[in-house]
Amino acid sequence: MMLSSLRIAERRLPILGQQVVRRAFHQTVQRNSAGAAAATADETREMNLFTAVNQAMDIALASDPTAIIFGEDVAFGGVFRCTQGLAEKYGKDRVFNTPLSENGIAGFAIGHASVGGTAIGEIQFADYIFPAFDQIVNEMAKFRYRSGNQWNCGNVVLRAPCGAVGHGGHYHSQSPEAYLAHTPGLVVVMPRSPKTAKGLLLSSIRSPDPVVFLEPKALYRTAVEPVPTGDYELPLGQAEVMRSGSDVTIVGWGGHLKVLEEACDMAHGLHGISCELIDLQTILPWDVDTVVESVQKTGKLVVSHEAPLTCGFGAEVVATLQEHCFLSLEAPIQRICGLDTPFPLVFEKYYIPNALKNLDAITNVMDYGR
Amino acid sequence: MIAGTLLRRIATRGAAVGGRLPSVNAARYFSSNATFDVEGSFETHMLDTAPETTVECSKEELLEMFELMYTMRRMEITCDNEYKARNIRGFCHLYDGQEAVATGINAAFDPEDSWITSYRCHCVALARGGSVSSVVGELFGNIDGYSRGKGGSMHFYNKANYFFGGAGIVGAQVPVGAGSAFANKYKSKPGEKMNVSVACFGDGAANQGQIWEAANMCNLWNLPMIFCIENNRYGMGTSIDRHSSIQDYYKMGNEIPGLRIDGMNVLAVKEGMRFAKEYCGSGNGPMYVEMMTYRYHGHSMSDPGTTYRNRDEIAFTRSTKDPLEFVKKCLVDAEFMTADEIKDMEKKIRKDVQKEVLKAKESPVPPHEELFKHIFATNLEPRSGGIEYPPHIRMPNYENSFWIDGKKE
Ligand SMILES: Cc1ncc(C[n+]2csc(CCOP(=O)(O)OP(=O)(O)O)c2C)c(N)n1
Ligand SMILES: [Mg+2]
C-alpha cells in the first residue's frame with residue numbers, strides 16, 4: 001500500500017530524489033511485515049500507553065547499543081513517566097537530561113544520528129516543538145536530500161505528547177501534525193492506543209527516515225489494553241481499518257479515534273448506519289490507497305481531527321480523495337475538526353470535534369440528496 | 001555586617017498623632033525613615049560601580065512592600081487550596097518564596113517601565129496593578145479574570161502598566177522584552193533618562209537559544225534592557241548544576257555587565273534594580289541581573305517538589321531566608337510596627353484575600369462569543385445558518401488581484 005501511494009506521488013512529482021524516498025520506505029515495509037508476523041506469537045500483558053512507550057524504548061536501548069534517550073527531565077522519567085526506570089537500567093550516559101533547549105535537542109539528535117547513532121529525543125510537550133522547528137524542518141528533514149544522499153539522520157525519533165486533556169489551555173493541548181506534515185523528508189506518526197504505540201514507536205526508532213512521534217497524552221494512563229510484551233513493529237505509512245462498514249468512511253488518527261468510535265457507535269445504534277473507521281496511524285507519508293479503496297466502496301467520507309480546521313491534515317485527505325474518488329462520491333466530504341481558534345482554556349468542550357458533531361456529519365452525508 | 005540590619009532610624013512624629021501612643025491606627029500617621037544595611041547582597045561583573053550598601057526606606061514604603069508580599073503569599077496558598085479543591089484546573093505555577101523579587105523590582109520601577117515575565121506570573125500581575133480577584137478569577141476561568149478567563153494561569157497582562165504578561169513558552173518573553181527596550185529607547189526624549197524594560201526568566205530558561213539572540217541585539221544596539229534571571233535553582237526537576245554549564249548567571253552575558261542580588265531581601269532587590277534602571281536608563285546598554293531566590297512549591301501543581309530536592313533544603317530556606325520574615329523583621333527593628341500590629345495586619349490581609357476569592361467566584365464564565373473574539377482585529381462572527389465558524393482565514397485583495405477577471409493586466 002505504501003509503495004503504491006508513493007507511486008502516486010511519483011507520478012505527480014517526477015523529481016530527483018523520489019527514488020531515494022521510495023527505497024527507504026521499501027526497506028521499512030519489508031522489515032516491518034516480518035516484525036508484525038513475529039508479534040502475533042507474542043505473549044501479551046495489560047498495560048497503559050505510557051508503559052507501552054516505555055517498553056518500546058526499553059527494547060530499543062537493549063537491542064541497539066548506539067541508542068540514547070535525552071530530553072528535559074527524562075532521566076527522572078519525564079513529565080508523563082514514559083522514560084521511568086530507563087536511566088537506572090541503562091546508565092546516565094544513555095538516558096540523560098538536557099537543558100531547556102528544544103532547538104538544541106533537535107539539532108543534537110541529528111548530529112548523533114548522522115554518524116549512525118540512534119537518537120531518541122523527547123520534546124516535553126508538542127506545543128514546545130515550535131522552538132525546535134527550524135532544526136526539524138530545515139536540517140532534519142532535508143539532510144538526506146540536500147547532501148545528495150551522503151548524509152542522513154534517519155535514526156532520529158523525536159517523541160512529543162500532544163492533544164487535548166480537558167484543561168491544558170493554550171500551550172499544553174495542541175496537535176501540530178499538520179505543520180510537520182508539510183515537510184517532505186519527515187515521517188509523522190500518531191498512535192491511538194498502547195498496542196499501536198509500542199509497535200509504531202519501535203518502527204519509528206528503526207526507520208531509515210527521521211520521525212516525529214506524537215503521543216496522545218490524554219491516553220497515557222487512561223488507555224489500557226493487552227500489549228505484546230516482546231519486540232514487534234507495525235508498518236509505517238500504513239493505515240488500519242479499525243472497523244469495516246459499508247455506508248460511510250470515517251478517517252482520523254491518534255487519541256481522537258476514541259471520539260470517532262463513539263460517533264460510529266451512536267450512528268449505528270440510533271440510525272443503523274454502518275461506518276468504516278480508518279486510523280491513518282502515519283500522517284506523513286499517509287496511506288492514500290486504504291482510504292481511496294474504502295471511499296470507493298462507501299461513497300461517503302468524514303475526516304475528523306482535533307487540530308484546527310483550516311490547513312489541518314484533513315484538508316490534504318479531502319483534496320486527494322476528491323481527485324481519486326470523484327465519481328464514487330455520493331455526498332460532499334465533511335471535515336469535523338477543531339475550531340479555527342487558538343486552543344481555548346474554558347471553551348475546550350466547544351472547541352473539540354466531539355462525537356455529536358461527528359454524528360451530525362455522518363447523518364448529513366447519509367441524508368444528502370434524499 | 002549582616003545584610004538587612006537596621007543602621008539608623010530617623011523618626012518624625014506627625015502632628016496628627018499628638019501625644020498618643022502609637023496603636024495600629026495611629027501608626028498610619030506616624031511617618032519615619034530608616035536606613036538598612038544591605039552589604040553582602042550584591043556581586044558584580046564587568047561593572048565599575050555597584051549598588052549602595054545601605055537602603056533608606058520610609059515606613060509607608062516598607063509597609064506597602066510587606067502588604068504586597070503577604071498578599072502574594074496568601075494568594076498563592078489560596079490558589080494551591082483551590083487547585084486541590086478542583087476549582088482551578090490546568091497548569092498553575094506558584095510564586096511563593098520568590099515574592100521579594102517582583103516586589104523589589106516594582107518598588108524600583110516607574111509605572112512606564114516595561115515588564116515581561118514567564119508563566120510564573122500571578123504575583124507580577126498583582127504587583128503591576130492587578131487585584132487578587134482578577135488573578136484568581138482568571139484561574140477560575142471567569143469573565144472578570146485578568147484576561148477575560150481566556151488564558152488561565154500563565155496569561156496575565158496589564159497594558160496600562162506596561163506589563164507585557166506571562167509567556168507559556170520558556171524563554172519566549174526575552175526577545176519580546178528586547179523589542180520593548182528598543183521602543184523605550186526610540187521614544188525617549190534627548191537628554192532624558194530612558195524607561196527600561198525588564199524580562200524575567202528562570203535559570204532553566206537562561207540557556208534557551210533565543211536569549212542569546214536577544215542579548216546580542218541589546219548589547220549591539222545599547223538597549224535599556226535588564227535580563228533578570230530568577231535563579232530558584234531548579235528548572236522543573238533539574239537542578240542548575242545539571243542543566244547549566246555556567247552557574248554564575250549574572251556573568252552569562254559575557255560582555256554585558258552583570259549584577260547578582262540576594263533575591264530574598266526585598267530591600268536589596270529594590271536597591272539593585274534601582275541601580276540597574278539607572279545604569280540602563282542612562283544609555284549604558286543592557287545588564288544581566290541574577291536574583292538568588294527559591295520556590296517553596298513544586299514547579300507546578302503536579303509536582304510535589306520533593307523528589308529532586310530534599311525537604312531539609314526547603315525547610316532550611318523557609319526558616320533562615322524567608323523573604324516575608326525578613327520584611328517583618330525590618331518593620332520591627334525599625335520600630336515601624338510591633339509584632340502584634342503585624343499579626344493584626346496579616347489577619348486583615350488574609351480576610352481580604354478570602355473576600356477577593358469569593359468575589360472572583362461570583363463572576364460568570366465568559367459568554368460563548370468570547371471563543372471567537374480577539375483572534376483577528378475584526379471579530380469573526382459565527383455565520384448564520386448553523387455553521388459555527390467561517391472556514392476562511394484571509395480574504396484576497398480584489399483591487400490588486402489580477403485574477404479578478406481571469407487575466408493578468
Ligand atoms: C519551550 C518550552 N519548553 C519546555 C517547557 C516546559 N516547561 C515549563 S517551565 C519549565 C522549567 C523552567 O525552569 P526555569 O526557567 O528555571 O523557571 P522556573 O520554573 O524555575 O521559574 C519547563 C521545562 C515550556 N513551557 N516551553
Ligand atoms: Mg528555575
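In segment B:199-210, which residues are facing another protein chain (nearest Cβ under 10 Å) and away from ligand 2 (no atom under 12 Å from the Cβ)?
Within segment B:199-210, B:Gln208, B:Gly209, B:Gln210 meet the criteria.
Hey, could you check segment A:139-163 for residues that are away from every other protein chain (no Cβ under 14 Å), assigned to a helix (DSSP H, G or I) and closer than 16 Å to A:Asn103 by Cβ and say which is farthest from ligand 2 (Cβ to nearest atom)?
Result: A:Phe143.
For segment B:144-183, what are the residues that are touching a helix residue (DSSP H, G or I) at 6+ places or on another chain (Cβ under 7 Å), more than 8 Å from every other protein chain (Cβ to nearest Cβ) and charged (D, E, K, R)?
B:Asp144, B:Arg148
Among the numbered criteria (1) within 16 Å of ligand 2 (Cβ to nearest atom); (2) within 13 Å of another protein chain (Cβ to nearest Cβ), which single criterion is violated by B:Pro304?
Here B:Pro304 clears every test but (1).
Would you list the strands (runs of 3 or more DSSP E) that sit entirely within segment B:160-239 and hold 2 or more residues that are open to solvent by less than 50 Å² (accessible area, probe 1.4 Å), at pLDDT 95 or above and closer than 20 Å to B:Leu259 by Cα?
By residue number, B:197-202, B:225-231.
Hey, can you tell me all the residues within segment B:192-218 that are more than 16 Å from ligand 1 (Cβ to nearest atom) and either farther than 22 Å from B:Ala108 by Cβ or β-branched (Val, Ile, Thr) (or both)?
Once the filter is applied, which keeps residues that are more than 16 Å from ligand 1 (Cβ to nearest atom) and either farther than 22 Å from B:Ala108 by Cβ or β-branched (Val, Ile, Thr) (or both), segment B:192-218 yields B:Val196, B:Asn216, B:Met217.
Condition first: without any contact (Cβ under 8 Å) to a residue 24 or more places away in the chain and within 13 Å of ligand 1 (Cβ to nearest atom). Now tell me which residues in segment B:242-264 satisfy that.
If the condition is that a residue be without any contact (Cβ under 8 Å) to a residue 24 or more places away in the chain and within 13 Å of ligand 1 (Cβ to nearest atom), then B:Arg242, B:Gln247 are the ones that fit.
For segment A:85-109, which positions are within 12 Å of chain B (Cβ to nearest Cβ) and part of a loop (DSSP other than H, G, I, E, B)?
Listed by number, the residues that qualify are A:Lys92, A:Thr98, A:Pro99, A:Leu100, A:Ser101.
Quick grid of which residues meet (1) away from ligand 2 (no atom under 14 Å from the Cβ); (2) in contact with a His (Cβ under 9 Å, 6 or more places away or on another chain); (3) open to solvent by less than 30 Å² (accessible area, probe 1.4 Å); (4) within 14 Å of another protein chain (Cβ to nearest Cβ):
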position: B:Ile256; (1), (2), (3), (4): yes, yes, yes, no
position: B:Ile261; (1), (2), (3), (4): yes, no, yes, no
position: B:Val266; (1), (2), (3), (4): yes, no, yes, no
position: B:Asn284; (1), (2), (3), (4): yes, no, no, no
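May I ask you to verify whether B:Val135 is open to solvent by less than 10 Å² (accessible area, probe 1.4 Å), over 20 Å from B:Cys228 (Cα atoms) and under 15 Å from the mean Cα position of the chain (by Cα)?
Criteria met by B:Val135.
Any idea which of (1) within 14 Å of chain B (Cβ to nearest Cβ); (2) part of a loop (DSSP other than H, G, I, E, B); (3) surrounded by 24 or more Cβ atoms within 10 Å (Cβ to Cβ) is the one A:Gly166 doesn't satisfy?
(3)
Kindly indicate the residue of segment A:333-370 that is at the interface with chain B (Cβ under 10 Å from one of its Cβ atoms) and among the hydroxyl-bearing types (Ser, Thr, Tyr) and also farthest from A:His172 (Cα to Cα) among those meeting that condition.
A:Tyr350
The values are calculated or read from the model by the stated rules, or taken from the named source; none is laboratory data. As the structure is a computational prediction, the values presented were derived from the model and not from experiment. Neighbour counts run over all protein chains shown; Cβ positions are idealised from the backbone, glycine included. We work out accessible area using only protein heavy atoms, side chains counted, and drop any ligands, DNA or RNA first. Shrake-Rupley method; radii C 1.70, N 1.55, O 1.52, S 1.80 Å.
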